[in-house]
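Working notes, beginning with the structure itself.
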Amino acid sequence: MDSITLTAAASRDTGKKATKATRNEGRVPCVLYGPSTEPVHFSVPALDLRPLIHTTETYRVLVTVDGEEHEAILKDVDFHPITDAPIHADFLALTKGQKLTLTIPIHLEGAAPGVKAGGKLAQPLHELEIASLPKDIPGHVSIDISTMQVGDSLHVGDLSLGDTIEVLTDPVRTIVTVMAPRVEATEEEDEGITGLDAVAPEGDAAEASAEA
């Protein structure tokens, strides 16, 4: 897991007026907390959060507040309902030797032969919930799909992440599958329709048949 350092300023006042003033300065109010960490309130420039928000990686975040350095991961971000700008961020403190629960992104690697053969690749699951010590947290989980044929599926239970990572996501959930191409109409259906057309009575012949 790679690291990103944030330049933080301690927040002495967390009231609405002070929070609004912080946002007007182009900064995002944040809070850092954890099972063994008292909440620490601070703010960071909105631009500095972009690498953490617009990414498919999990990063270790180094934040120094009042001279004290904290290690954390980004847990949650609130966005403005209209502008979609970040307005608040939560960070979960990392404590050495203490397991934590988090979600990490899933990356697909390679090209599935089944897609080249006409199948359609579907990935219903994009994140994996795990429990791990801070030192063992991966930035993401890589899955090789280079051998997947039409009809193949990979489930959470098929993964092997080693003894240091506990997977909490339901093992029966499908991560990725190669679906068979859809057929609009089979030849058998076409023949059936043609046969019906051939024997269907038409016009006067149909009426005469009905009167008889």
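Please treat every number below as a calculation from the coordinates, not as lab data. Only a predicted model underlies this, so the values are computations on that prediction, with no experimental measurement involved. Neighbour counts are summed over all protein chains in view; Cβ atoms, including those assigned to glycine, are modelled from backbone coordinates with ideal geometry.
Computed values, structure above
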quantity: Cβ-based exposure ranking for E57, E166, E109, in which fewest neighbours within 10 Å come first; calculated: E109, E166, E57
quantity: Residues H155 and K120, FRET efficiency given R0 of 22 Å [Cβ-Cβ distance, rounded to 0.05]; calculated: 0.75
quantity: Label point at D136 placed 7 Å out along Cα→Cβ; residues across segment 164-181 whose backbone nitrogen lies under 19 Å; calculated: 164-171
quantity: Rg/Rg_ref, the chain, where Rg_ref = 2.2 N^0.38 Å and atoms are Cα; calculated: 1.68
quantity: Translational diffusion coefficient (Stokes-Einstein; Kirkwood radius from C-alpha pairs) of segment 3-94 at 37 °C, 0.692 mPa s, in µm²/s; calculated: 248
quantity: Qualifying lysines (Cα of each under 18 Å from Cα of K135; at least 8 residues distant if same chain); calculated: K75, K96, K99
quantity: Segment 3-94, relative contact order [Cα under 8 Å, separation at least 6], %; calculated: 32
quantity: In nm, spacing of pseudo-spin labels at E57 and A85 (7 Å Cα→C-beta vector); calculated: 2.7
quantity: Dimensionless Rg ratio for segment 102-179, taking C-alpha atoms and the 2.2 N^0.38 Å reference; calculated: 1.14
quantity: Highest to lowest packing among 87-93, 45-51, 100-106, scored as the average C-beta count within 10 Å; calculated: 87-93, 100-106, 45-51
quantity: Distance from segment 1-22 to segment 109-137 (C-alpha centre basis), Å; calculated: 34
quantity: Förster-model FRET efficiency, 22 Å R0, D163 and K96, C-beta, rounded to 0.05; calculated: 0.70
